[in-house]
1. Could you tell me the number of lysine pairs in region 478-566 with C-alpha atoms less than 14 Å from each other, where the two lysines are 8 or more residues apart or belong to different chains?
2. Could you calculate the contour length gain from Leu482 to Arg442, that is, 0.36 nm times the residue separation minus the distance between their Cα atoms, to one decimal place in nm?
3. Using heavy-atom solvent-accessible surface (probe 1.4 Å) with all chains present, what is the largest-first order of Met298, Met736?
4. Would you mind estimating how fast region 110-175 diffuses translationally, via Stokes-Einstein at 37 °C and 0.692 mPa s with the Kirkwood radius over Cα pairs, in µm²/s?
5. Ranked highest first by the average count of other Cβ atoms within 10 Å around their residues, in what order do 715-721, 16-22, 306-312 fall?
6. Taking a probe of 1.4 angstrom, what is the accessible area of Arg519 in Å², to the nearest 10?
7. Starting from 0.36 nm per residue, how many nanometres of slack lie between Val37 and Ala610 once their C-alpha separation is accounted for?
8. Distance from the Cα centre of region 699-730 to that of region 513-570, in angstrom?
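The values are calculated or read from the model by the stated rules, or taken from the named source; none is laboratory data. Keep in mind that what you see is a predicted model, and the values were worked out from it rather than measured. When we count neighbours, we look across all protein chains shown, and the Cβ atoms used for this are built from the backbone with ideal geometry, even at glycine. Side chains are part of the model used for accessible areas, which takes the heavy atoms of the whole protein and leaves out ligands, DNA and RNA. Shrake-Rupley method; radii C 1.70, N 1.55, O 1.52, S 1.80 Å.
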Amino acid sequence: MGHGNTSSYPWGPNDVCPGGLILPILDERLWPIKVRVAVYLFTLLYFLLGISIVADVFMTAIDKITSHTKKVYLAKELKPNGSDVSLRPDQPEVIEVRIWNPTIANLTLMALGTSSPEILLSIIETVGHHFEARKLGPNIIVGSAAFNLLIITSLCTLSLGLNEKRRIHDLKVFLVIGAFSFFAYIWLLLIIEVISPNVIELWEAAATFLLFPILMFFAYATDQNWCGKSTEHNTHQLDLDLGQNGTKNKFILNNGKIDKENLIKFVKNVKKYSGITDADAAKLAATKLIDSTHRGAMWYRIGAVRRFTGGKQIEPVLEDHLRQVYDVIKKNGENGYDTLNHKPPTLSQNDETKYAIIEFHAPTIAVNENIGRFPVTIWRHGNLNTKATVRVDSINGTAKEGEDFVKVKEIVEFKENEEEKEIYIEILDDNKWEPDEEFFLRLSVVHHKDLSVKLGCISIMEVTIIDNDEPGIISFGKRGLLVKESTGFVEVPIVRTHGSDSEVSVKWKTIDESAISGRDYVGGEGEIIFKDKEVAKILRVEIINDMCPEKDECFEIKLFETTGGARIGNVNRIAITISSDDDFDSVVDRLMLLTNINIHALELHRQTWAEQIKTAMTVNGGDLTNATTLTYVLHFFSFFWKVVFAFIPPAAVFSGWLRFFTSLTLIGVMATIIGDLATIFGCLIGLDDAVTAITIVALGMSLPDILGACMVTRAETHADEAMIHIAGSIAVKVLMGVGLPWFISALYHYSHGNLFEIPSTRIGFNVLLYSVMAILAVTVLMVRRNTAVNENSEFELVTKSREGPYR
């Protein structure tokens with residue numbers, strides 16, 4: 001076996017593999033080797049899943065700690081020379097900025113959060129084995145660094161679509177952190193192979209560990225531009241103006257809270273699109289706020305962990321129609337419409353819905369009893385680029401099938417781009433007087449897995465059998481209607497009585513009273529057409545909700561000028577009264593409440609134990625609407641870990657610090673068990689600890705980083721978050737994961753008069769190989785950045801066709 005030593009027991013033969021700090025907890029000597037291999041492999045993978053989840057909890061505590069803010073008063077005006085600021089005491093503007101500098105936060109708590117399993121495993125393994133050098137921990141650090149720089153960088157490039165590229169915006173910070181991460185490995189190689197071969201002296205270990213605070217100092221100095229050109233204005237003032245705390249969210253936020261006036265303005269613009277309810281507007285507002293907030297690599301890593309564990313998603317999930325509206329809002333700016341023309345952008349018919357929508361042409365028709373057979377029109381709109389199938393059935397009313405009409409049960413098939421179909425209905429004439437009778441036609445969808453079909457509003461048609469062959473009299477169904485301003489539209493019924501023969505039409509126009517067209521409603525004029533046998537139509541008028549409390553207003557609609565021999569009835573004018581909502585403040589408060597609920601649902605952490613446990617026990621964090629079959633499967637496998645770690649104190653307790661230390665302790669326990677599992681598993685299959693560390697364990701611990709880095713690359717406009725986090729985590733892992741345990745061990749051996757020995761063959765070759773690969777990788781990135789072929793970008797997916805390269 002690869003280890004060459006055994007574990008002793010009070011009785012019987014020794015075990016073929018050494019024991020770890022905790023494992024084995026059972027006597028496994030009589031187990032078949034294949035069974036032990038399978039058990040240890042499954043348990044190792046399951047604990048790697050568990051440590052990813054508890055690391056997620058740990059990082060939510062870090063997010064809570066680093067999100068602490070302070071209030072700062074900003075001047076609204078600069079003096080003409082731009083060198084000083086003058087605060088207007090009559091209207092001071094207060095914003096909240098984060099206390100933690102983002103660069104320091106990334107290098108300390110955030111990088112520590114993503115690297116904590118590897119660092120703690122290296123520390124515990126060294127200390128737990130009598131302060132002697134071990135293979136597993138340091139080699140996991142090297143393997144994880146290789147995955148970070150080589151594999152994750154490559155996958156980030158592949159995650160981009162065509163015509164997409166990402167460029168490092170703050171190159172100086174990246175170069176400082178990258179130089180330290182590279183120098184850290186060169187330093188390891190020097191102290192292992194050159195300066196004092198096979199021995200780590202106390203000063204070498206101390207220097208390795210002290211490189212970490214030196215790195216923080218240089219990174220902070222570069223971030224603050226201490227060595228660059230001095231800025232024209234006050235540096236601190238400019239930092240605040242540039243939005244370290246996300247001042248671009250000002251469209252909804254004010255002083256860190258949802259501002260009522262800005263929310264009303266946003267909702268008014270969103271409601272220019274038809275069919276948007278208050279709940280939809282609140283969801284869009286929350287989505288806009290969350291998407292506009294700057295997110296770091298840690299936020300995306302948490303999202304990646306929750307994605308492959310079936311947990312609560314941290315990104316908004318919008319229905320199809322809301323996603324289409326939101327995409328238009330993002331494309332056309334903050335207001336979501338053309339601010340010059342003050343018109344909402346129109347959605348094309350194909351954008352409006354992905355479904356083929358089928359309905360009758362009219363809700364009601366009337367036919368003579370002696371008509372025999374007559375056509376009924378069924379029309380389709382929405383997606384016309386597909387086939388569609390519906391069924392038409394008749395339903396008895398006062399008219400009975402077999403006595404007054406022939407039963408209808410017919411399948412109607414629409415071909416691609418076909419908009420209308422006609423079916424024929426047969427009326428039975430019984431040659432005796434009867435009052436008017438009616439029956440109904442009903443549409444239903446014939447489901448097919450390849451067809452996307454929905455029924456429209458008029459899925460049931462009323463057919464009235466009458467004894468009249470006149471063209472009819474057209475009038476409004478009512479003399480007045482009352483509609484609330486917030487409903488968005490009013491449906492005005494227009495009826496045709498005393499006959500329905502032939503096609504007729506009537507014109508209409510709106511008349512302003514206290515309500516003004518263009519301000520309170522969308523008025524105008526038009527024409528309503530009644531086809532043969534149609535007896536009812538609906539005129540839809542849009543109501544403009546200005547989200548302002550005001551008195552009731554009204555306007556009128558008038559019918560005039562008929563065709564086809566029809567006449568206008570007595571009710572030729574209708575008054576529409578627009579009623580202001582009963583309590584304007586309650587409507588706005590409800591919008592603010594709905595927006596807050598949507599934002600709260602996407603928070604990284606919960607406020608109470610009850611919320612944590614409920615979220616952990618439910619699929620997709622309780623959002624069953626957007627849960628898929630895969631989500632249920634992932635939730636099943638990770639259920640145990642999620643419930644166990646739900647008992648960790650919430651982030652609201654002691655500002656996240658209790659959660660921080662509790663989860664850090666659990667990560668240490670999990671890392672110790674993973675170290676034992678990896679060591680015994682490698683022994684059982686004949687792998688050296690160094691090989692096991694660089695392959696299985698390093699890959700398992702780096703998987704959340706891979707997914708998180710790909711997500712942040714796609715979501716952000718620059719490559720800074722991905723690349724700086726990759727370089728920073730490499731530096732932190734080496735300087736903390738190797739420097740700290742070696743410093744502790746060197747100090748221990750120095751106090752006992754011994755030397756801390758580490759055979760160079762264990763890690764020296766791996767460090768040398770990684771250093772060569774790192775030089776090549778960074779060289780490729782810099783060449784890509786400074787050549788015109790890649791348009792000066794680090795991340796870019798390029799493909800070629802006959803026309804040439806696409807970037």
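1. On the way: Lys478/Lys537; Lys478/Lys558; Lys484/Lys551; Lys507/Lys537; Lys507/Lys558; Lys509/Lys558.
Count of close lysine pairs: 6.
2. Gain on stretching Leu482 to Arg442: 11.4 nm.
3. My answer, sorted largest first, is Met736, Met298.
4. Taking Rh from Cα pairs, D becomes 226 µm²/s.
5. Order by mean packing, descending: 306-312, 715-721, 16-22.
6. 120
7. Working: separation 573, 0.36 × 573 = 206.28 nm, distance 3.89 nm.
Roughly 202.4 nm would be gained on extension.
8. Their Cα centres are 57 Å away from one another.
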